[in-house]
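Here is the structure we will look at, set down as structure tokens.
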Amino acid sequence: MKQKIITMLELQDAMNSKVNADWRNAGYEWYRAIWMESSEMLEHYGWKWWKKQQPDTMQVKLEVVDIVHFALSIRLVQGGEQGSTLELVAADIADEFTRPQATGDIRTSIELLARQTLMDQGAHFSNIAGVMDHLDMPFDELYEIYVGKNVLNIFRQDNGYKEGHYIKTWRGREDNEHLADILEQLDSDSASFKSDIYQALEHAYPEPAAA
């Protein structure tokens, strides 16, 4: 788990740097993104007693992954301020993942995560792990989805997403769907997992002239 978390931290740093090379000193409110994503997660799961709602489990899991992006960013900033190595930061996160904190209901567990985040503006991986337990979502699944989404985001930036000429739909399907196919074919335990995803995206991506 620790090595996979190191990979996630490296990917998060790379993605943040594409948006702003000086992102560590930008003062971004990562905590605000976490509690807002928590609200979206609750919407996807369903909480309204006055209407019939069916939990969208995959969307809830994707919100968990989005929250992890912001939580990792917080720990990278804190680690830099404290002079900690990636190994030490990853070890602390791994320890928290093994000690999930949750209530008896996923809705209140999501609220617990949001409340803890608002209290100290920090990253709470034990609370994230608690929500994951409700979803029967193992760490390896989180890792696979996280790395896939992160690499796809970098791939988009490298192919003109910011400039507006990235092709998001290939052969009638969105890039997220192609990514899901790619992830099914790859070994997430491989040391080259992230580069394998990028290479597979490059192979599948159409030439701009074919748009």
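The values are calculated or read from the model by the stated rules, or taken from the named source; none is laboratory data. Being a predicted model, the structure only gives us computed values, none of them experimental. Quick reminder, even Gly has a Cβ in these numbers, built from the backbone with ideal geometry, and neighbours come from all protein chains shown. Ligands, DNA and RNA are excluded from the accessible area calculation, which covers all protein heavy atoms including side chains. Shrake-Rupley method; radii C 1.70, N 1.55, O 1.52, S 1.80 Å.
A Cβ distance below 6 Å, combined with a sequence gap of six or more or placement on separate chains, defines the contacts here; from region 109-124, residues that are over 18 Å from Val60 (Cβ atoms) reach residues that are aromatic (Phe, Trp, Tyr) and open to solvent by 10 Å² or more (accessible area, probe 1.4 Å) in the pairs Leu118/Trp35; Gln121/Tyr31. Candidates in region 36-47 are the residues that are among the hydrophobic types (A, V, I, L, M, F, W, C) and open to solvent by 50 Å² or more (accessible area, probe 1.4 Å); of these, the one that is farthest from Ile106 (Cα to Cα) is Met36.
Of the residues Asn16, Asn20, the single one that is open to solvent by less than 40 Å² (accessible area, probe 1.4 Å) and of a type outside the set (Phe, Trp, Tyr) is Asn16.
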